[in-house]
Amino acid sequence: MQINRFMIKPFVEAALRDEISMGDTTGGFLAADGRTQNAQIYAKGHGVACGLLLADETIRMVDPAATVECLVNDGDEVKPGTVLLRAEAQASTFFMIERCALDWIQQLSGIATKSRRYVKLVAHTRARITDTRKGWPGVRMLQKYAVRVGGAHNHIFNLNNCILVKDNHIKVAGGIRNAVDILRKRAQHTFKIEVECESLEMVAEALECGVEVIMFDNMDIPSMKQALELVNGRAVTEASGGIGEANVVEIAELGVDVISVGALTHSIEALDVSLDVQDMKPSAKRAIAAAVQS
């Protein structure tokens, strides 16, 4: 998965509308003379960098004449002191973009960092770590991008690109078989069907229907072992629900194909990053002092 300026522009615009609104009542007055300033964004913690293009676009949207240089790539591992980005722009720009640019980087880097950690934990197994749709509404695309940057994979993006039969679907359809029969008749032929199963009985019924993917939903370890024996390679298997760093390795070592982890996007620790502007030159300080006195 890749992102580009066309894709991220609406997100950046919305963030800046929240931040700037009718203007910057602090920085706008302090730096109203239009002078240029140099600044850098740097890491204050260890993690996987992500969101540099969004920070870049945030700066350029406020000051189209700005020059921006990204010194790391999304996916690079960084440590305290690593400079992520340098820019030259009007001084007022940095006051307006600071919070938004840092928020993009710290949140997306937090997702990428956590995703990388999970991938490393199960690297000795066949299991593929994926995200879920749990997170902040409206920015799912960016969250899923960060998951990929961290080395994990994406589950479904939205309701349109996958058939995922969950408990409420089964209730409305009157059972797994009814749901699968209806979907096979009405859905396009290119879709696989995944069924969420909470018991061994449901797994057996899903297998009888010939579904392609079976999710073991909130099953304990003994139940998952039995479910895997029951499936015996006849469908792709996915473990989901209640999975964290404390149990992901044990689950992966059972032999499941996919492990979906909602915590990759809904419970993260942001990467600590900061923006510093370059100290003002003495000549600029004298000019400001003269302007204040006058």
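The values are calculated or read from the model by the stated rules, or taken from the named source; none is laboratory data. All figures in this text were calculated on a predicted structure; none of them were measured in a lab. FYI the Cβ positions are ideal-geometry reconstructions off the backbone, even for glycines, and counts take in every protein chain you see. These area figures cover heavy atoms from the full protein model, side chains too; ligands, DNA and RNA do not enter into them. Shrake-Rupley method; radii C 1.70, N 1.55, O 1.52, S 1.80 Å.
Relative to the present Cα-Cα distance, how much length would full extension add between Ala204 and Asn178 at 0.36 nm per residue of separation? Please list the in-between numbers first.
Details: separation 26, 0.36 × 26 = 9.36 nm, distance 1.47 nm.
That pair, Ala204 and Asn178, stretches by 7.9 nm at full extension.
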Take the Cα of Ile20, step 7 Å along the line toward its Cβ, and report every residue of region 83-102 whose backbone nitrogen sits under 18 Å from that point. 87-102
Simple spin-label estimate for His169 and Gln226 in nanometres, 7 Å along Cα-Cβ: 2.5 nm
Linear extension gain, Asp76 paired with Glu245, 0.36 nm per residue minus alpha-carbon span: 58.6 nm
Going down the table (Lys44/Lys120; Lys114/Lys166; Lys9/Lys144; Lys134/Lys166; Lys134/Lys185; Lys9/Lys44), which pairs top 19 Å between alpha carbons? Lys44/Lys120; Lys114/Lys166; Lys134/Lys185; Lys9/Lys44
Report, in degrees rounded to the nearest 10, the 0 to 90 angle that the Cα long axis of helix 5-20 makes with the longest principal axis of the chain. 60 degrees
How many Å³ per residue does the convex hull of the Cα positions in region 1-146 occupy? 114 Å³
Order these peptides, 91-97, 4-10, by their mean beta-carbon neighbour count within 10 angstrom, highest first. 91-97, 4-10
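Students often check this: by mean Cβ neighbours within 10 Å, which of 202-208, 113-119 ranks highest, and how do the rest follow?
Details: 202-208: 19.9, 113-119: 22.4.
Result, highest mean first: 113-119, 202-208.
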Return a whole-number percent for the relative contact order of the chain, with Cα pairs under 8 Å and 6 or more residues apart as the contact set. 21 percent
Mind telling me which of Asn161, Asn38, Asn218 comes out most flexible in a GNM of the chain, alpha-carbon contacts under 10 Å? Asn161
List the residues, sorted by chain then number, that are 5 or more residues from Thr130 or on another chain and whose placed amide H is less than 5 Å from its amide H. His153, Ile259, Ser260, Val261
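At 1.4 Å probe size, with the rest of the protein present, what percent of the exposed accessible area of the chain is carbon and sulfur atoms?
Values: 7820 of 15470 Å².
Here it works out to 51 percent.
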Which residue fluctuates the most in the chain, going by a Gaussian network model with Cα springs under 10 Å, if the choices are Leu53, Leu159, Leu16? Leu159
Under a 10 Å cutoff between Cα atoms, tell me which one of Ala146, Ala14, Ala39 has the largest fluctuation in the Gaussian network model of the chain. Ala14
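Once every DSSP H run of n ≥ 4 in the chain is given -39500 (n - 2.57) and the sum is divided by its residues, what mean residue ellipticity at 222 nm do you get, rounded to the nearest 500 deg cm²/dmol?
Working: 12 runs with 131 residues, N = 294.
Mean residue ellipticity, 222 nm, calculated: -13500 deg cm²/dmol.
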Whole-Å distance linking the alpha carbon centroid of region 147-199 with that of region 204-251 is 15 Å
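Can you give the net charge of the other residues whose Cβ lies under 9 Å from the Cβ of Glu57, counting K and R as +1 and D and E as -1? Write out the running numbers ahead of the final one.
Numbers: positive: Arg5, Lys9, Arg60; negative: Asp56.
In short, +2.
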As I understand it, the value is the acute angle between the Cα axis of helix 140-149 and the longest principal axis of the Cα atoms of the chain; what does it come to in degrees, rounded to 10? 90 degrees
